[in-house]
1. Could you list, in sequence order, the residues of the range 27-40 that are under 24 Å from the mean Cα position of the chain (by Cα), open to solvent by 40 Å² or more (accessible area, probe 1.4 Å) and under 14 Å from E71 (Cα atoms)?
2. Within the range 87-101, track down each residue that is more than 9 Å from the chain's Cα centre (by Cα) and at pLDDT 95 or above.
3. Find all pairs meeting these conditions: Cβ atoms under 7 angstrom apart; at least six residues apart or on different chains; first residue within the range 71-96 and in contact (Cβ under 8 Å) with a residue 24 or more places away in the chain and within 21 Å of G146 (Cα to Cα); second residue acidic (D, E) and assigned to a helix (DSSP H, G or I).
4. Could you pull out the residue among A28, A56 that is in contact (Cβ under 8 Å) with a residue 24 or more places away in the chain and not aromatic (F, W, Y)?
5. In the list L81, L74, L68, which residue meets the criterion of being part of a loop (DSSP other than H, G, I, E, B) and modelled with pLDDT of 85 or more?
6. Could you tell me which numbered condition R164 fails, if it satisfies all but one of (1) at pLDDT 90 or above; (2) open to solvent by less than 60 Å² (accessible area, probe 1.4 Å); (3) charged (D, E, K, R)?
7. Filter the range 167-176 down to residues that are open to solvent by 10 Å² or more (accessible area, probe 1.4 Å) and under 19 Å from the mean Cα position of the chain (by Cα), then give me how many there are.
8. State whether one or more residues within the range 41-59 are more than 14 Å from the chain's Cα centre (by Cα), basic (K, R), at pLDDT 90 or above and not in a helix (DSSP H, G or I).
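The values are calculated or read from the model by the stated rules, or taken from the named source; none is laboratory data. On a predicted model such as this, the values are computed, not experimentally measured, just so you know. Cβ atoms come from the backbone with ideal geometry, glycine included; neighbour counts cover every protein chain shown. Heavy atoms of the whole protein, side chains included, go into the accessibility calculation; ligands, DNA and RNA do not. Shrake-Rupley method; radii C 1.70, N 1.55, O 1.52, S 1.80 Å.
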Amino acid sequence: DRSLKVSQSAFAFFDAAATAGVNQLCTALDLPTVEALLAHGARAEELRLRAAALAAEMGAKGDAQFALCVELGLLEPLLELWREGDPLVQLNAIELFSTLASCASGFEWLRGANVTHELCGLIDWRDDGDMLAALQRPAVLHCLAGLLESGGDAATATLLRDERIVERIWPLLEASTAAGEHSASLALLRAVGSTPDGAAQVLGRGVERVRP
């Protein structure tokens, strides 16, 4: 419909501005525009998700663009969506966290907002038949893999040492889980193994398994 076409055109415009650089994005995000985006964040759920998706895409273009989006408060509605408790909305939020994970600043922001800790809590294996949790878990695993790949030493220390993700994903690899969940677990394991500390932890788990 017409509103969708307008939304898509606006998305493309701001995405192009963010890609061009922080100066161009700063020019595009004048006060009325920022106020309109934040107003979307207080309206219907679909509009809130569109505004949050646009903010995530702009922020993921680079550290300077990310800092601008944070300064303008454009990412705060994403946290609100994440914490409102609707599992399907949370699934959308996880996908947007994955978008932010492609930027080095994304990890620091997510960690500062305690999102990384909350995400890690969702990967713990529980054979309780919770279909919504099973639906979210592959997205969470892919998001954590992205954070490890782009978050640098801080992500490695937080996720491997503080959150013990190797210990937490192992039951998922051993359990008879859905194909999507198993492949997502392997994707995270590959990301873990790409770091020296992670490779050592994975090898350690393998040694434990073969000990008599």
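1. L38 - this is the single residue of the range 27-40 that is under 24 Å from the mean Cα position of the chain (by Cα), open to solvent by 40 Å² or more (accessible area, probe 1.4 Å) and under 14 Å from E71 (Cα atoms).
2. Applying the first criterion (more than 9 Å from the chain's Cα centre (by Cα)) to the range 87-101 yields 87-92.
Result: no residue meets the conditions.
3. V89/E45
4. Details: A28 fails: in contact (Cβ under 8 Å) with a residue 24 or more places away in the chain.
Unique residue meeting the criteria: A56.
5. Going through L81, L74, L68 in turn, just one is part of a loop (DSSP other than H, G, I, E, B) and modelled with pLDDT of 85 or more: L74.
6. (2)
7. 1
8. Checking the range 41-59: not a single residue is more than 14 Å from the chain's Cα centre (by Cα), basic (K, R), at pLDDT 90 or above and not in a helix (DSSP H, G or I).
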